[in-house]
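The values are calculated or read from the model by the stated rules, or taken from the named source; none is laboratory data. What you see is a predicted model, and the numbers here were worked out from it, not measured in a lab. Cβ: placed from backbone, ideal geometry, glycine included. Neighbour counts: every protein chain shown.
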Amino acid sequence: MDSSQYFGIYGGRYVPEMLQKTLIDLARVYDQLKATPAFQNELRDLQTTYNNRPTPLTFAKNLTEKLGGAQIYLKNEGMNHTGAHKINHCLGQALVARKLKKTRLIAETGAGQHGVATATVAAKMGFSCTIYMGEVDMNRQRPNVLLMELLGAKVIPVTFGSRTLKDAVSAAMKDLLENSDTTHYVIGSALGPDPYPRMNRDFQSIIGQEIHAQLSQLPDYVVACVGGGSNALGAFTEFINEATVQLIGVEAGGTGKQLGNHATRFPDAKIGIIEGYKSYFLQDEDGNTAKTHSIAAGLDYIGIGPELASLHDSGRVQFSSASDEEALSAVKILAESEGIIPALESAHAVAYAIKTAGTLPKNKTMVINVSGRGDKDLFTLAKHFDQKHFSIFLTEEVRRYEK
């Protein structure tokens, strides 16, 4: 067993034989490139001149005063080009794909932010691009579908299974099996077969590095939402060896505790090997993948990245959850107090802060990774906050369109 592929017992490269060489080559080239000055300089140049880094760390004065406890800071990854943290690893992976002489990028996407980031990077670097997206997610994230298509990507609806993120992953893996000579699969989180979990963690770790540089002291808490784990590990990695920093991952509590009503892996998930790696997955009594639910498409996933699985077992990362209603409330509270509208995914982390910051002493600091902005959630937010007027607007727009 190659220990570099694993985080404790989790991770690995459980893929069909015909994909082994593709992933071995990817790991070899990534490991060679990542330490070279030329690669690091090119990536740094793209991060600063194209991706708007460093993103700001903002003191949430009004929210802090409202809650009356810990001092709250917002790491605003929504200020990235394309509006979320996803472009961090897309830029890095595209550089690796170019070194491998690939001509085509494919990706899966749930919330659409990873799809938009992949399509953006493909356009910038001259790749053709195909995005797989569950039919359910396409309907609730329609603005991002339009953006992907404007960027030149082909967006393919996935109509089997639950028609959400896990099925989009399966469709993308099938494409890679059939087209591995020309195609690089830009996996959208810190999961999947090796080297994706460590590669995406490395590309996202700039988030925590910037937090460390932007604060005058170590934070007491770093909080991030957790789907697969890319934004969470991006914020956490810098502080894993800092014992005084508490790391909090917030999962999607959905509408209830019954299996199928949430996407909370802890404590319900079981260890398994699915989609090329070993980790915790939500499974039914027969070991089949369970249905999941979250109002946030990017958190609506059965599994969790292998490094976070290991950090859970060791107790280094504590996991909590926020319900759909708590996330919606957090969007409104943050918008009205700080003028920042977070993505529904990020709102789960904000919800945790709203519930807990007021119970902490005022000399404690809490950093929330606001992993994306809420533009993409327009239709979902309108349904919950302004359904009547938005429905009238859409009806009138359809009439005008049909004319």
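Things worth noting here:
- Qualifying residue in the stretch 183-205 (condition: in a loop (DSSP other than H, G, I, E, B), under 19 Å from residue 278 (Cβ atoms) and in contact with a Pro (Cβ under 7 Å, 6 or more places away or on another chain)): yes
- Criterion (of a type in the set (S, T, N, Q) and farther than 13 Å from residue 198 by Cα) met by exactly one of 40, 5: 40
- Yes/no for residue 164 being touching an Asp or Glu at 6+ places or on another chain (Cβ under 7 Å), buried (at least 16 other Cβ atoms within 10 Å of the Cβ) and more than 23 Å from residue 80 (Cβ to Cβ): yes
- Of all the criteria given as (1) crowded, with 22+ Cβ neighbours inside 10 Å; (2) farther than 26 Å from residue 214 by Cβ, the one not satisfied by residue 80 is (2).
- Note on the stretch 357-403: among residues that are over 30 Å from the mean Cα position of the chain (by Cα) and among the basic types (Lys, Arg), the one that is modelled with the lowest pLDDT is 403.
- Applying the criterion of being hydroxyl-bearing (Ser, Thr, Tyr) and buried (at least 19 other Cβ atoms within 10 Å of the Cβ) to the residues of the stretch 5-21, the residue that is farthest from residue 98 (Cα to Cα) is 10.
- Within the stretch 31-76, the residues that satisfy the criterion of being closer than 20 Å to residue 345 by Cβ, touching a strand residue (DSSP E or B) at 6+ places or on another chain (Cβ under 7 Å) and of a type outside the set (Ser, Thr, Tyr) are 56, 57, 60, 63, 72, 74, 75, 76.
- In the stretch 257-285, of all residues being among the small types (Gly, Ala, Ser) and under 21 Å from residue 224 (Cα atoms), the one that is surrounded by the most Cβ atoms within 10 Å (Cβ to Cβ) corresponds to 279.
- Residue that is modelled with the lowest pLDDT [pool: residues in the stretch 173-212 that are closer than 18 Å to residue 302 by Cβ and hydrophobic (A, V, I, L, M, F, W, C)]: 173
- Some residue of the stretch 229-236 being part of a helix (DSSP H, G or I), touching a helix residue (DSSP H, G or I) at 6+ places or on another chain (Cβ under 7 Å), surrounded by fewer than 24 Cβ atoms within 10 Å (Cβ to Cβ) and not small (Gly, Ala, Ser): no
- Some residue of the stretch 106-122 being outside the structural domain of residue 252 (by TED's automatic domain parsing), in contact (Cβ under 8 Å) with a residue 24 or more places away in the chain and surrounded by fewer than 24 Cβ atoms within 10 Å (Cβ to Cβ): no
- Residues that are charged (D, E, K, R) and modelled with pLDDT of 90 or more were ranked within the stretch 273-288; the one that is nearest to residue 12 (Cα to Cα) is 278.
- Residue within the stretch 46-57 that is part of a loop (DSSP other than H, G, I, E, B) and either in contact with a Pro (Cβ under 8 Å, 6 or more places away or on another chain) or hydroxyl-bearing (Ser, Thr, Tyr) (or both) present: yes
- Residue check, residue 41 exposed (fewer than 15 other Cβ atoms within 10 Å of the Cβ), free of Cβ contacts under 8 Å to residues at least 40 places away in the same chain, within 20 Å of the chain's Cα centre (by Cα) and within 23 Å of residue 123 (Cβ to Cβ): no
- Residues considered: 216, 170. Of these, the only one that is out of contact with any strand residue (DSSP E or B) (no Cβ under 6 Å at 6 or more places or on another chain), in a helix (DSSP H, G or I) and modelled with pLDDT under 95 is 170.
- Residue pairs whose Cβ atoms lie under 9 Å apart, sitting 6 or more positions apart in sequence or on different chains, and linking a residue in the stretch 166-186 that is not assigned by TED's automatic domain parsing to the domain that holds residue 100 to a partner that is polar (S, T, N, Q) and at pLDDT 95 or above, do not occur here.
- Selection within the stretch 5-38 - touching a residue at least 60 places away in the same chain (Cβ under 8 Å), assigned to a helix (DSSP H, G or I) and touching a Lys or Arg at 6+ places or on another chain (Cβ under 8 Å): 5, 23, 29, 33
- Counting only residues that are over 21 Å from the mean Cα position of the chain (by Cα), assigned to a helix (DSSP H, G or I) and touching a residue at least 60 places away in the same chain (Cβ under 8 Å), the stretch 62-92 holds 5 of them.
- Looking only at residues of the stretch 114-167 that are over 18 Å from the mean Cα position of the chain (by Cα) and among the acidic types (Asp, Glu), we find that the one that is modelled with the lowest pLDDT is 135.
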